[in-house]
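Contents: one structure, followed by commentary.
The values are calculated or read from the model by the stated rules, or taken from the named source; none is laboratory data. Being a predicted model, the structure only gives us computed values, none of them experimental. Positions of Cβ are generated from backbone atoms using ideal geometry, with glycine treated the same way; all protein chains shown enter the neighbour counts. The protein model used for the area step is the full one, side chains on, heavy atoms only, and it has no ligands, DNA or RNA in it. Shrake-Rupley method; radii C 1.70, N 1.55, O 1.52, S 1.80 Å.
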Protein chains: 2
Amino acid sequence: MTAPDPRLSINQATLKHASLAEALRATADAGVQAIGLWREPVNEVGLDVAARMLADSGLRFSTHCRGGFFTIPEGAARRAALDDNRRAIHETAVLAAAGAPGSAAVLVLVAGGLPEGSRDLAGARERVRDALGELAPDAAAVGVTLAIEPLHPMYASDRAVVSTLGQALDLAAGFDPAVVGVAVDTFHVWWDPDVLAQIARAGRERRIATYQVCDWRTPLEADVLLSRHYPGEGVIDFAALTHAVMETGYDRDIEVEIFHADVWATAPDEAVRRTAAAFGAAVSPHLASALDSRR
Amino acid sequence: MTAPDPRLSINQATLKHASLAEALRATADAGVQAIGLWREPVNEVGLDVAARMLADSGLRFSTHCRGGFFTIPEGAARRAALDDNRRAIHETAVLAAAGAPGSAAVLVLVAGGLPEGSRDLAGARERVRDALGELAPDAAAVGVTLAIEPLHPMYASDRAVVSTLGQALDLAAGFDPAVVGVAVDTFHVWWDPDVLAQIARAGRERRIATYQVCDWRTPLEADVLLSRHYPGEGVIDFAALTHAVMETGYDRDIEVEIFHADVWATAPDEAVRRTAAAFGAAVSPHLASALDSRR
C-alpha cells in the first residue's frame, strides 16, 4: 500500500463514533500526518489533556470544528453563543500550538440558520457580520483565523445562512485576512456557477483558511445532512476545484470530512484507510502544481 | 369565503393525480381564473382536445410545463430531446391561443442534470446555451417565450444544471427577451444572497416570463423533490420576493406549483381551495403595488 498523501488531514467527523484517542491513533497509525478536531470529543477529555494527546500523536492540527451558530437576535442566548465561540477560539489556539509544526490555528464557523419562527434571512445574515465584528479581536489576540464556511443552500434555513463563497467573502471583507477567512468545502460549493471565480477571488484576498473535500451524489440520503461521500464516489470535479485552490497558493493540509451513516459504521482504521485511498485517487493527482515549501 | 385572488394560477402539478378535465373543472369551480398545464395530461387527451377543453373552461393559460432536459452531448438522444422541445413549443402556442384573454405563451424549461457518468458541469451548462440557440427560432416563429427555470442547487446534479437566477439571466443574454426569459420560483431562489438584485436585473432585462410561489420548510422530505409547501407554511419571505417581482412591472398570473405527497393526496377541489387561501394570506397582500392594467 502506498503512503497516504502528506497533505491529507482526517477531519474527526469522518470518524464520528471514535473517541479522541481512537481518532488520533487511527489517523497516525495509517501514516496520515494531520487531523482536524471537533470540540465535543476534545472537551470530553478536557482541553489540556486533548492538547497533550495531540502533541503525543505527532500529527499536525488542521482545523477546529466548530464555532458559529450566532444568527439569533440580541439577548442572553446570543451572548452565550458568543461566549462559547470565545472558548472555541481559545481551544483552537491551544490545539494549534500543541500540534506538529505546520499546524494551523483555524476555527471553522457555521453561521446557523434562521432563528425559530423567523423569515428574516437578510437580518440573520447581518447578525453573522455583527458576530464576526465581536469575535475578530478575540481571534486576533491569540492568532486564530475564523473561517466562515458557506454551506450548501439546502441548509440555508436550518443550519447556515451563509450559502455561497462569494457571500462568505463579502462578509469577510473589511477584516484582516489573518483573522477572518473562509472554508472552501467542495460539497457545499461545487454547484456554484461562480465558484472558480470566487476561489480565485478568495486567493487574491488571501482568505482561504482551509480546503475540505468530499463528494456529492444523488439521490441524497433521507437526512440530507448525512449525504457526504468519499472523494470520487460522486459527481464533483475535484480536478477543476483543486486546481483552482492550488492556483491561489494554498499550501495547507486538505481535510476530508464525511458525514454518512455508512462511513460512521466503518471501523476507524478502515475509514482512514479508505479516506486515504479515495484522496490519493481523486485529489492527489491535482496537487502537483502546488509548491509546498513549508515542510 | 372570499373569491380567490384574480392573479392566482393553479399549476397542474399541484393536482398531480387529477386528469386534465378534473384539473380544469376544480380550478374553474373554485373561481380561480388561470391554470398552468403539464404536457403529460395534455397529451393524454391529445393537443386539439386539450385546447378545446381549456377554451371551454374559460381559464387563462399561464405556462406550459415543461421542456428542457437537453444537457446530453450531441447524438441521437440529444436530437430527440430537441425535437421533443419543438413539440412542446407548438403545444404552448396552441394552448395559449385557446386560453382566455390574458393567457401567456410561456414554456418552462428545466435544463436537466449531469449526463450519466459525467462530472463536466461547465460542459453541461454550455449545452443548455446551445439548446437555447437551436430552439429560439422555433419559439420566435410562434410567439412562445422559453422560460429558463433556475432550480435549487440541491438539484444541480440530477435535474437542472441551472442553479441561480443570475446564471439563468446570463444564459438568456443575447436572446430577444420575448423569446428567452426566466422563471422565478420562490422555492428555488429564496436562499440566494443575490436574489433581490437579480430579480431587479431580470426586470430591467424584461426576462421574467413567470413568477411561481411555494414555500420551503425543513426538515426536507426524504425525497427532496417533494418538499414544496403551500405559501405561508415555511420560511420564505413572500413579502420581499413578491415586492421585488412587482417592482419590475410583472403583471402576469402567479402560479402555485406544489410537489408534495400530502397535497397530492388531497382531493382536487380541496387542494385548490387551500391553495387559494394560502395565496390570499401569504402573497396577495404584497401585490398591491402592481398596476395590473391588463384585465
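Considering every residue within segment A:281-295, establish whether at least one is buried (at least 16 other Cβ atoms within 10 Å of the Cβ), away from every other protein chain (no Cβ under 14 Å), assigned to a helix (DSSP H, G or I) and more than 18 Å from the chain's Cα centre (by Cα). Before you say what the answer is, go through the steps one by one.
Quick first cut of segment A:281-295, residues buried (at least 16 other Cβ atoms within 10 Å of the Cβ) only: A:282-284, A:286-287, A:290.
Pick out the ones that are also away from every other protein chain (no Cβ under 14 Å) and you get A:284, A:287, A:290.
Applying the additional criterion that residues be assigned to a helix (DSSP H, G or I) yields A:284.
Still in the list and also more than 18 Å from the chain's Cα centre (by Cα): A:284.
Yes; the residues of segment A:281-295 include at least one that is buried (at least 16 other Cβ atoms within 10 Å of the Cβ), away from every other protein chain (no Cβ under 14 Å), assigned to a helix (DSSP H, G or I) and more than 18 Å from the chain's Cα centre (by Cα).
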Determine, yes or no, whether A:Pro177 is assigned to a loop (DSSP other than H, G, I, E, B) and under 17 Å from the mean Cα position of the chain (by Cα). yes
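Name the one entry in A:Thr218, A:Thr186, A:Thr266 that is without any contact (Cβ under 8 Å) to a residue 24 or more places away in the chain, surrounded by 16 or more Cβ atoms within 10 Å (Cβ to Cβ), within 12 Å of another protein chain (Cβ to nearest Cβ) and of a type in the set (Val, Ile, Thr). Write out each step before concluding.
Details: A:Thr186 fails: without any contact (Cβ under 8 Å) to a residue 24 or more places away in the chain; A:Thr266 fails: within 12 Å of another protein chain (Cβ to nearest Cβ).
None of the other options fit; the residue is A:Thr218.
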All positions within segment B:99-147 that are among the acidic types (Asp, Glu) and within 19 Å of the chain's Cα centre (by Cα): none
Suppose we keep only residues that are open to solvent by 20 Å² or more (accessible area, probe 1.4 Å) and without any contact (Cβ under 8 Å) to a residue 40 or more places away in the chain within segment B:173-183. Which one would you say is nearest to the other protein chains (Cβ to nearest Cβ)? B:Ala173
Name, by its number, the condition in (1) in contact (Cβ under 8 Å) with a residue 60 or more places away in the chain; (2) within 14 Å of chain B (Cβ to nearest Cβ) that does not hold for A:Arg125. (1)
Just one listed residue, out of A:Glu247, A:Glu233, A:Glu205, is surrounded by fewer than 21 Cβ atoms within 10 Å (Cβ to Cβ), within 14 Å of chain B (Cβ to nearest Cβ) and without any contact (Cβ under 8 Å) to a residue 60 or more places away in the chain, and it is A:Glu233
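Let's see how each residue does on (1) within 18 Å of the chain's Cα centre (by Cα); (2) surrounded by 15 or more Cβ atoms within 10 Å (Cβ to Cβ); (3) farther than 24 Å from A:Ala281 by Cα:
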residue	(1), (2), (3)
A:Ala26	no, yes, no
A:Val32	yes, yes, no
A:Val49	no, no, yes
A:Met53	no, yes, yes
A:Arg60	yes, yes, no
A:His64	yes, yes, yes
Quick check on this structure: which one of B:Ala271, B:Ala209, B:Ala281, B:Ala288 is under 26 Å from B:Ala105 (Cα atoms) and out of contact with any strand residue (DSSP E or B) (no Cβ under 9 Å at 6 or more places or on another chain)? B:Ala288
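Looking at A:Glu91, is it more than 14 Å from chain B (Cβ to nearest Cβ) and either open to solvent by 10 Å² or more (accessible area, probe 1.4 Å) or of a type outside the set (S, T, N, Q) (or both)?
Working: more than 14 Å from chain B (Cβ to nearest Cβ): yes; either open to solvent by 10 Å² or more (accessible area, probe 1.4 Å) or of a type outside the set (S, T, N, Q) (or both): yes.
Answer is yes for this residue.
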Scan segment B:222-229 and tell me whether some residue there is under 17 Å from A:Arg119 (Cβ atoms), among the basic types (Lys, Arg), assigned to a loop (DSSP other than H, G, I, E, B) and touching a helix residue (DSSP H, G or I) at 6+ places or on another chain (Cβ under 9 Å). yes
Out of all the residues in segment B:153-172, which are at the interface with chain A (Cβ under 10 Å from one of its Cβ atoms) and part of a helix (DSSP H, G or I)? B:Pro153, B:Met154, B:Tyr155, B:Gly166, B:Gln167, B:Ala168, B:Asp170, B:Leu171
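So, A:Leu196, is that one assigned to a helix (DSSP H, G or I), within 12 Å of another protein chain (Cβ to nearest Cβ), of a type in the set (A, V, I, L, M) and within 18 Å of the chain's Cα centre (by Cα) or not? Let's see the steps before the verdict.
Details: assigned to a helix (DSSP H, G or I): yes; within 12 Å of another protein chain (Cβ to nearest Cβ): yes; of a type in the set (A, V, I, L, M): yes; within 18 Å of the chain's Cα centre (by Cα): no.
Considered against the rule, which asks whether it is assigned to a helix (DSSP H, G or I), within 12 Å of another protein chain (Cβ to nearest Cβ), of a type in the set (A, V, I, L, M) and within 18 Å of the chain's Cα centre (by Cα), A:Leu196 comes out as no.
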Could you tell me whether segment A:102-115 includes any residue that is within 10 Å of another protein chain (Cβ to nearest Cβ) and within 23 Å of B:Val224 (Cβ to Cβ)? yes
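Scan segment A:2-20 residue by residue and report those that are of a type in the set (A, V, I, L, M) and touching a helix residue (DSSP H, G or I) at 6+ places or on another chain (Cβ under 8 Å). Give the derivation first.
First, pick out the residues of segment A:2-20 that are of a type in the set (A, V, I, L, M): A:3, A:8, A:10, A:13, A:15, A:18, A:20.
Those that are of a type in the set (A, V, I, L, M) and touching a helix residue (DSSP H, G or I) at 6+ places or on another chain (Cβ under 8 Å): A:Leu8, A:Ile10, A:Leu15, A:Ala18, A:Leu20.
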Kindly provide the set of residues from segment B:128-150 that are open to solvent by 10 Å² or more (accessible area, probe 1.4 Å) and within 14 Å of chain A (Cβ to nearest Cβ), ordered by number. B:Arg129
I'd like to know if segment A:201-217 contains one or more residues that are among the polar types (S, T, N, Q), in contact with a Lys or Arg (Cβ under 7 Å, 6 or more places away or on another chain) and assigned to a strand (DSSP E or B). yes
For segment B:137-145, indicate whether the set of residues that are touching a residue at least 40 places away in the same chain (Cβ under 8 Å), more than 30 Å from B:Ala222 (Cα to Cα) and assigned to a helix (DSSP H, G or I) is non-empty. yes
When you look at B:Ala156, is it open to solvent by less than 20 Å² (accessible area, probe 1.4 Å) and farther than 26 Å from B:Val283 by Cα, yes or no? yes
